[in-house]
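Engineer: Handing you a structure now.
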Amino acid sequence: MKRIVIILICSLGFTIAFAQSNDAADDNKPIILISDMQLQIDVNQAMNDLYNFKFNKAEKQFRWLKQKYGWHPLPYFLLGLSEWWKIMPNVSNTEHDEKFLAYMDTVIYISERLHEMPRHEVEASFFLAAAYGFKGRLYSSEERKNWTKSAFAGKNALKYMQESQGMHDLSPELLFGDALYNYFSVWVPENYPLLKPVLAFFPKGDKELGIKQLQEVSYNAFYTRTEAMVFLMRIMGSYENNKSRALQIGEYLHQTYPDNPYFHRYYARLLYTSGKFSATKPVAEAILTRIDNGMIGYEATSGRYAAFFLGQIHESRKEYQEAKKYYLKAKEFSELINATDTGYYLYSLLSLGEIYQQEGNEKEAKKYLKLVKKHAKRSDDVHEKARDRLREF
């Protein structure tokens, strides 16, 4: 990774020098390139391509942006964002980590230089907070669990975010960090009390304000608009128990970016958890079809979601042969990515055991119920249900 960063940085030398010489002749009025309307028009299609998983098309435009604005962190941030979305469908896949981190480190390198120039200080703070924030998100994922690097990145993200706090009149993009801080600085200690002492020294947040700010970013920002909508969807669906609002956002994201597998499966999940089984069925079936067709980003993680939902739908309709088919698919997808401690896997096994038990196939029923006991924690409800079923033989 160091080699990649050095190559990227060396190519910037002359452009940074050029930017410094130009700045010297100007006044101290802040320059906010991310507010440039013509630039937004120029890269609008590239942003749509990025979120619609047309990475080659998006990156071609971002590389053009790098040629024109090589002295600025924006093109490198967008190229890094493209790598981030290659990671999103299956966070356990680390093949894009090196390139993603290299781009974010390049954003940090350039932004630190611009941060020393008064005219660029505010925007540089935004990109420093964003780059450190994205690095922290990767390091803190369940698949990485690099808590030391995550804490370091988070500390730096907060430091630079506070520098641009209250400056969103210059650009709605600058409100994104404030929104996330306001919400999660309250949510985290509420849900993880052990972290309260760690956050005691930081400014007090406001969850309701954070949600309002995310909504404002999703309406008015350009570069962070979709990211704000993703956070809103997840917050509403998982933390605020506002499934209808989450579903509304999920539907919009899926319809706007129909080839994005993350949005596709999240929409399917929201439909399923909202009890809209008839609507879930074609959405989940489409996911499996796209996996079979090898569409980019559609893989086992999305497959286990979709297959489990379809198994549940067919079982609720007493279509047991179809239900078994999809539960077996969910089992296979889960095993393919070693996700054998998840609810989708364990409840697929339990349902298979129960269906075979109803059919009088004791051998197959015991096989799947014993698999539940093998992979589930003894304290899990699914473990207890499997034990109870086995006692009936």
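The values are calculated or read from the model by the stated rules, or taken from the named source; none is laboratory data. Owing to the predicted nature of the structure, the values given are computational and were not obtained by experimental measurement. Here Cβ is always computed from backbone atoms with ideal geometry, including for glycine, and neighbour counts include all displayed protein chains. The area values use the complete protein model at the heavy-atom level, side chains included, leaving out ligands, DNA and RNA. Shrake-Rupley method; radii C 1.70, N 1.55, O 1.52, S 1.80 Å.
Engineer: Stokes-Einstein diffusion coefficient for the chain at 37 °C in a medium of 0.692 mPa s, Rh from the Kirkwood formula over Cα pairs: what value in µm²/s?
Structural biologist: Values: Rh = 23.0 Å.
It comes out at roughly 143 µm²/s.
Engineer: What residue among L253, L371, L350 has the largest mean-square fluctuation in a Gaussian network model of the chain, using Cα springs under 10 Å?
Structural biologist: For the chain, modelled as a Gaussian network with Cα springs under 10 Å, the answer is L371.
Engineer: Here's a follow-up. When all C-alpha to C-alpha distances in region 200-326 are sorted into bins of 5 Å, what percent of pairs does each bin hold, rounded to whole numbers?
Structural biologist: Histogram of Cα-Cα distances, whole percents per bin: 2, 11, 18, 19, 17, 13, 9, 5, 4, 2, 1, 0.
Engineer: Carbon and sulfur: what percent of the chain's accessible surface (1.4 Å probe)?
Structural biologist: The value for the chain is 51 percent carbon and sulfur by accessible area.
Engineer: Let me ask something else. Over the chain, what relative contact order in percent results from Cα pairs under 8 Å that are six or more residues apart?
Structural biologist: Values: 520 pairs, mean separation 37.0, N = 393.
Computed value for the chain: 9 percent relative contact order.
Engineer: Could you work out, for region 42-94, what percent of all Cα-Cα pairs fall into each 10 Å distance bin, beginning at 0 Å and stopping at the bin that holds the largest distance?
Structural biologist: Histogram of Cα-Cα distances, whole percents per bin: 28, 51, 19, 2.
Engineer: From the phi of every residue in region 72-77, what ³J(HN,Hα) in whole Hz does the Karplus formula 6.51 cos²θ - 1.76 cosθ + 1.60 yield, where θ is phi - 60° and glycine or proline is x?
Structural biologist: After applying 6.51 cos²θ - 1.76 cosθ + 1.60, I find 10, x, 3, x, 6, 5 Hz.
Engineer: Which of the three applies to region 132-179, rounded, prolate or oblate, going by the alpha-carbon gyration tensor with a ≥ b ≥ c and a/c under 1.5 meaning rounded?
Structural biologist: Prolate, since a/c reaches 1.5 and a/b exceeds b/c.
Engineer: Also, I was wondering about something else. Among K145, K66, K54, whose mean-square fluctuation peaks in a Gaussian network model of the chain (Cα, cutoff 10 Å)?
Structural biologist: Highest fluctuation of the listed residues: K145.
Engineer: Per residue, how much accessible area does the chain show when a 1.4 Å probe rolls over the protein heavy atoms, in square angstrom?
Structural biologist: 48
Engineer: Also: Once you have the Cα-Cα distance between E335 and N56, take 0.36 nm times their residue separation minus that, and quote the gain in nm to one decimal.
Structural biologist: 97.4 nm
Engineer: Report, ordered by chain and residue number, the lysines lying within cross-link reach of K66, taken as a straight Cα distance under 22 Å and ignoring same-chain residues fewer than 8 apart.
Structural biologist: K2, K54, K57, K86, K99, K135
Engineer: How large is ³J(HN,Hα), in whole Hz, for each residue of region 103-108 in order, when computed from phi with the Karplus curve 6.51 cos²θ - 1.76 cosθ + 1.60 and θ = phi - 60°, using x for Gly and Pro?
Structural biologist: Those phi angles translate into 5, 5, 5, 5, 4, 5 Hz.
Engineer: Full extension from W147 to A279: what is 0.36 nm times the residue separation minus their Cα-Cα distance, to one decimal in nm? Please list the in-between numbers first.
Structural biologist: Values: separation 132, 0.36 × 132 = 47.52 nm, distance 3.97 nm.
Fully extending the segment from W147 to A279 adds 43.5 nm.
Engineer: Given the DSSP H assignment, sum -39500 (n - 2.57) over each helix run of at least 4 residues in the chain and divide by its residue total; what's the result at 222 nm in deg cm²/dmol, nearest 500?
Structural biologist: Mean residue ellipticity, 222 nm, calculated: -23000 deg cm²/dmol.
Engineer: Which pairs in the list K159/K196; K324/K370; K243/K370; K325/K370 are over 27 Å apart, alpha-carbon to alpha-carbon?
Structural biologist: K243/K370
Engineer: Tell me, what ³J(HN,Hα) does each residue in region 175-185 have, in order and in whole Hz, if you take phi through Karplus 6.51 cos²θ - 1.76 cosθ + 1.60 with θ = phi - 60° and put x for Gly and Pro?
Structural biologist: My calculation for region 175-185 gives 7, 4, x, 4, 4, 5, 5, 4, 6, 6, 5 Hz in order.
Engineer: Starting from a Cα-only point model with no solvent, please compute log10 I(q)/I(0) by Debye for region 229-278 at q = 0.25 1/Å.
Structural biologist: -0.86
Engineer: Springs between alpha-carbon atoms under 10 Å, Gaussian network over the chain: tell me which of I291, I87, I41 tops the mean-square fluctuations.
Structural biologist: Of the options given, I41 has the highest mean-square fluctuation.
Engineer: Provide, for q = 0.19, 0.22, 0.24 Å⁻¹, the log10 of I(q)/I(0) from a solvent-free Debye sum over equal Cα point scatterers in region 299-382.
Structural biologist: -0.75, -0.99, -1.14
Engineer: Based on C-alpha coordinates, I'd like the Rg and Dmax of region 103-188, in Å.
Structural biologist: Reported Rg and Dmax, both Å: 12.9, 40.
Engineer: Give me the orientation-averaged projected area of the Cα convex hull of region 129-231, in nm², one decimal.
Structural biologist: One quarter of the hull surface, i.e. the mean projection, equals 6.4 nm².
Engineer: Also: In the chain, with Lys and Arg counted as +1 and Asp and Glu as -1 at Cβ, which of these residues, Q248, G343, H375, has the Cα nearest the positive end of the dipole, that is, farthest along it?
Structural biologist: The one lying farthest along the dipole's positive direction is H375.
Engineer: Let me ask something else about it. Using square roots of five times the C-alpha gyration tensor eigenvalues, list the equivalent-ellipsoid semi-axes of region 31-186 in whole Å, biggest first.
Structural biologist: 22, 21, 14
Engineer: If the cut-off is a Cα-Cα distance under 20 Å, which aspartates and glutamates reach K373, setting aside same-chain residues fewer than 8 apart in sequence?
Structural biologist: Cα-Cα hits under 20 Å: E332, E335, D341, E354, E362, E364, D381, E384, D388, E392.
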